[in-house]
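The values are calculated or read from the model by the stated rules, or taken from the named source; none is laboratory data. Not measured: the values here are computed from a predicted model. A quick note on method: Cβ atoms are made from the backbone with ideal geometry, for glycine too, and the neighbour counts reach across all protein chains shown.
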Amino acid sequence: MTVERALARPRDRQPVPRPTRRPIRLMIVDDSMIARAVLSRMVEGDGGFEIAAVAGTAEDAIAALHQVRVDIVILDLEMPGAGGLKSIPRILAAAGGAKVMIVSSLAEEGAEQTIAALALGAADTLPKPGTGRFNGRFSEILLSKLKALGYASAPTELRAGSSSLLPLRPMAADPIEILAIGASTGGIHALAALFQALPRRIGVPILVTQHLPPPFMPVFARQLAVAAHRPASVAEDGMILAADEILLAPGDAHLTLDVSGDDVVVHLSDGRPSSGCMPSVDPMLASVGAVYGERALGVVLTGMGRDGVEGASRLVSRGGSVIVQDEGSCAVWGMPRAILDAGLACAALPPDKIARRIAARTEEQSCK
């Protein structure tokens, strides 16, 4: 099937001021002509977007990306040929900093394909509308997700050194006793990259709060265990922490800690944090700071919004340290940027270099 390039149709020009920013350029990749047309109408109704190209297969999309630059690729997973899922790495490689947004009937909550797509580098996912789904708000939800992803990442040479201009806190050199990681949009891919670079044994418990709905969590735990080469499970109230084991915040509760005798145990809470997120990174970071003080290390990866700022502030006030993901490697540079802007971060780095910093503060850094 040949690539269909659909440059945005001219709109009626009105005597209004020109927008200060260019539209976000999209490519729609779906083997259904009807789906392409419907999605095109939805996004073209918003002046903030422009359809730069469409394609019917992943192979055609990759070919087109060598000729047209876009900010976001809207990708179906169920297509002929190589299909959307297996093609995500090649699409990202050809996309020159563009992000991939999955819009597919296979992207159901809790589906293996959804977590796999996020782990391969997709920034976000959305199931196609079905009977009773979205209550007629599919277009609104789609546009909000696309706006959150925004423009393609700048080339490395243009963004080099941008984070180094921001004020950074000194980081202690003493060994840590707990690692707490928070992430949102794009976080599953970032987590995979971080754990791939992390030594197999670091000798401390690992907590993870990733913004995901409850049905995703069991699948996410299984796939993270494989990617991280260590046990991973959804946290339950009263669990005792163990070195080199990952506990995930469930989708309907915050992951916090309590001291019970000589043990540190999990306490799940459902209070509404100021960020409005469930689960939230704030209670987790605040909790590890209260229990471990200067021997706590927090990491905040890609995600929209400000979740993590209040928790990072409380962790730092207890002597702990926070590292954030840098702008160039983030799918959405919201949460890390908010912590940087608040002057709470010790470093802003891509996930693999964050892993090296973590290893440098563990007593078992040489163990694999």
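Any idea which of (1) part of a helix (DSSP H, G or I); (2) under 18 Å from residue 153 (Cβ atoms); (3) touching a residue at least 24 places away in the same chain (Cβ under 8 Å) is the one residue 337 doesn't satisfy?
(3)
Hey, residue 77 hits all of (1) within 17 Å of residue 146 (Cβ to Cβ); (2) in contact (Cβ under 8 Å) with a residue 40 or more places away in the chain but one; which does it fall short on?
With respect to (1) within 17 Å of residue 146 (Cβ to Cβ); (2) in contact (Cβ under 8 Å) with a residue 40 or more places away in the chain, residue 77 is out only on (1).
Which residue pairs have Cβ atoms closer than 9 Å, lie 6 or more positions apart in sequence or on different chains, and pair a first residue in the range 269-293 that is farther than 15 Å from residue 305 by Cβ and in the same structural domain as residue 322 (by TED's automatic domain parsing) with a second residue that is among the β-branched types (Val, Ile, Thr) and part of a loop (DSSP other than H, G, I, E, B)?
Every condition considered, the pairs that remain are 292/176.
Out of the residues in the range 319-333 that are out of contact with any strand residue (DSSP E or B) (no Cβ under 7 Å at 6 or more places or on another chain) and surrounded by fewer than 23 Cβ atoms within 10 Å (Cβ to Cβ), state the one that is nearest to residue 153 (Cα to Cα).
Only one residue fits best here, namely 328.
Just for strands (runs of 3 or more DSSP E) wholly inside the range 203-306: which have at least 1 residues that are among the charged types (D, E, K, R)?
254-260, 263-269
Looking only at residues that are assigned to a loop (DSSP other than H, G, I, E, B) and over 16 Å from the mean Cα position of the chain (by Cα) in the range 110-122, which one is modelled with the lowest pLDDT?
Of everything passing the filter in the range 110-122, 110 is modelled with the lowest pLDDT.
State which residue is surrounded by the most Cβ atoms within 10 Å (Cβ to Cβ) when the search covers only the range 294-314 and only residues that are without any contact (Cβ under 8 Å) to a residue 40 or more places away in the chain and of a type in the set (A, V, I, L, M).
Restricting to residues being without any contact (Cβ under 8 Å) to a residue 40 or more places away in the chain and of a type in the set (A, V, I, L, M), the top hit is 312.
Looking at the range 83-94, can you tell me whether even one residue there is crowded, with 16+ Cβ neighbours inside 10 Å, not in a helix (DSSP H, G or I) and not assigned by TED's automatic domain parsing to the domain that holds residue 220?
Initial filter on the range 83-94 (crowded, with 16+ Cβ neighbours inside 10 Å): 83-85, 87-88, 91-92, 94.
With the extra rule that they be not in a helix (DSSP H, G or I), the set shrinks to 83.
Still in the list and also not assigned by TED's automatic domain parsing to the domain that holds residue 220: 83.
Looking through the range 83-94, at least one residue is crowded, with 16+ Cβ neighbours inside 10 Å, not in a helix (DSSP H, G or I) and not assigned by TED's automatic domain parsing to the domain that holds residue 220.
Residues in the range 27-36: is at least one part of a strand (DSSP E or B), surrounded by 14 or more Cβ atoms within 10 Å (Cβ to Cβ) and either free of Cβ contacts under 8 Å to residues at least 12 places away in the same chain or out of contact with any Lys or Arg (no Cβ under 9 Å at 6 or more places or on another chain) (or both)?
yes
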